[in-house]
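Take a look at the structure below.
The values are calculated or read from the model by the stated rules, or taken from the named source; none is laboratory data. Keep in mind the model is a prediction, meaning the values are calculated, not measured. Backbone-built Cβ (ideal geometry, glycine too); neighbour counts: all protein chains shown. Surface areas here come from the heavy atoms of the whole protein model, side chains and all, with no ligands, DNA or RNA. Shrake-Rupley method; radii C 1.70, N 1.55, O 1.52, S 1.80 Å.
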Amino acid sequence: MEIVLIISLVLALLLGAVLVGLLDRPVAPPKGTYTELRDDDDPALAPGGLVADPASADAPSSRPAPRHAAEAPTVEEEAPKAEVVETAPQLDRPEAAGTRLQRLRARLLKSNNVFGQGLLALLSRDRIDDDVWDEIEETLLMADLGTEPTMELVDRLKARVTVDGTRDPDALRALLREELLAMVDPSMDRRLAATRKDGKPAVTLVVGVNGVGKTTTVGKLARVLVAEDREVVLGAADTFRAAAAEQLATWGARVGVVTVRSETEGADPASVAFEAVKTGIEEEADVVLVDTAGRLQNKANLMDELGKIKRVIEKQAPVEEVLLVLDATTGQNGLMQAKVFAEVVDVTGIVLTKLDGTAKGGIVVAIQRQLGVPVKLIGLGEGADDLAPFSAEGFVDALLAE
Ligand SMILES: Nc1nc2c(ncn2[C@@H]2O[C@H](COP(=O)(O)OP(=O)(O)OP(=O)(O)O)[C@@H](O)[C@H]2O)c(=O)[nH]1
């Protein structure tokens, strides 16, 4: 009896020791779970191999504080908070939209001084004869104002300068300002669709030919919107250029914006766009910006693809804005592009990039006349905040600034 008791006691002690040993061992996480501290808006593998970009998930978000601390206390223990704070990249604080054109006006004046100041100098000559009017006409044509608007403006200036007979520099400046402003048309609605409608984000599709600055514009525009406290989701539907998705994700990460992209090179851009909009709806974003691959307007299959992207997006939410990006340095060629793009998708606004590198500011008027669509944004440099909302007054004032 005693022996049985002793054996039972020894067995019990052994069993206890084994149990303690087992509990002490680190427990491997179930397959597929994260082993590092992750954010709430961490990318989940989406159907079709699409992920919300991991680069963005590392950045601190302006959204409500992540709930991971409450949900996964053991993981929290493994990765001390201090470490996360140290490694998390600082978010950029983008410049507010309102001050941008003012800051960038010097660039506009520098590249377009012949257009604005040159015109003023010609009008201020002591005697304005036919030769001077020819020079004025030439200046306007050189600035890509287009033939019809040039004739119209010259006629109006002729009539007013002759009738008024004024030679006073201030009066001439005011007169020229008024006439240029009428050409640029301050009555056009240049607001961007950036507000949720019927419980869905405003979807913006960004289109244009190769190299005009689409991806850069989407990145810069995200910053404009973030500065206005909008929740933004980016869609990298330029699956043709390998680096485009990476480029876009970097732009997004700098301001804490999620980028939806495909892990498969050459994936169907319509499906990436679809996933981006889906994510935007799920995340209750204000705006979804979809970047698309550059396409030549004379390639019918690529233009058809654009139509498809739009149709696929619209299975979930209407495309509120189609921004056509045009490179201002390409001048009249941009007009041809605009015409064809407008036939395939309803362009709602123009983004005129690289205005810092050209004296062709008159293209603003020409393009608006051609499409009946307003220029909404202008690019004035390669800097992250060198994209400004277009204002007719701000533009004309910059052209005429001293
Ligand atoms: N100076 C200047 N450069 C600009 C401006 N906007 C864009 N760029 C530059 O234009 C180049 C092309 O820009 P991307 O955004 O890659 O052009 P993309 O249209 O997306 O190109 P694809 O994807 O090949 O069609 C980059 O070097 C940009 O920095 C601008 O307003 N001013």
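Counting only protein heavy atoms and a 1.4 Å probe, tell me what percentage of segment 331-390's accessible area is made up of carbon and sulfur. C and S atoms contribute 48 percent here.
Here the ratio of the Cα radius of gyration of segment 316-397 to 2.2 N^0.38 Å is 1.07.
Would you kindly give the portion of the calculated P(r) for segment 286-329 that falls above 15 Å, as a percent of all Cα pairs?
For segment 286-329, the share of Cα pairs beyond 15 Å comes to 51 percent.
Which order do peptides 331-340, 214-223 fall in by mean Cβ count within 10 Å, highest first?
Values: 331-340: 17.2, 214-223: 24.6.
The peptides rank, most packed first, as 214-223, 331-340.
Toward the positive end of the charge dipole of segment 249-362, with +1 on the Cβ of Lys and Arg and -1 on the Cβ of Asp and Glu, the farthest Cα among 277, 301, 317 is that of 301. Taking 0.36 nm per residue of separation and subtracting the current Cα-Cα distance, fully stretching the chain between residue 332 and residue 131 would add 69.8 nm. Ranked by the mean number of other Cβ atoms within 10 Å per residue, highest first, peptides 107-116, 200-209, 263-272, 300-309 order as 200-209, 107-116, 263-272, 300-309. Average projection, convex hull of the Cα set of segment 161-250: 10.1 square nanometres. Under a model in which nothing but the beta-carbon of Lys, Arg (+1) and Asp, Glu (-1) is charged, segment 219-374 shows a dipole of about 700 debye around its Cα centre.
All Cα-Cα separations within segment 124-187 were binned at 5 Å from zero, giving a P(r) of 3, 16, 28, 29, 17, 6, 1, each value a whole percent of the pairs.
Full extension of the segment from residue 300 to residue 173, taken as 0.36 nm per residue of separation minus the current Cα-Cα distance, would add 41.0 nm.
Under a 5 Å amide H cut-off, with hydrogens placed 1.01 Å from N, residue 317 pairs with nothing among residues at least 5 apart or on other chains. Suppose each label sits 7 Å from its Cα in the direction of the beta carbon; what would the residue 340-residue 188 distance come out to in nanometres? Going from the residue 340 label point to the residue 188 one covers 2.2 nm.
Over all directions, the average projected area of the alpha-carbon convex hull for segment 88-147 comes to how many nm²? One quarter of the hull surface, i.e. the mean projection, equals 6.5 nm².
Looking at 224, 116, 165, which one has the Cα that reaches farthest to the positive end of the dipole of segment 102-230 (charges on Cβ: Lys, Arg +1; Asp, Glu -1)? Ranked along the dipole, the leading option is 224. Applying 1/(1 + (r/R0)^6) with R0 = 22 Å to the Cβ-Cβ distance of residue 314 and residue 369 gives a FRET efficiency near 0.15. Distance from the C-alpha centroid of segment 215-248 to that of segment 338-402: 19 Å, rounded to the whole angstrom.
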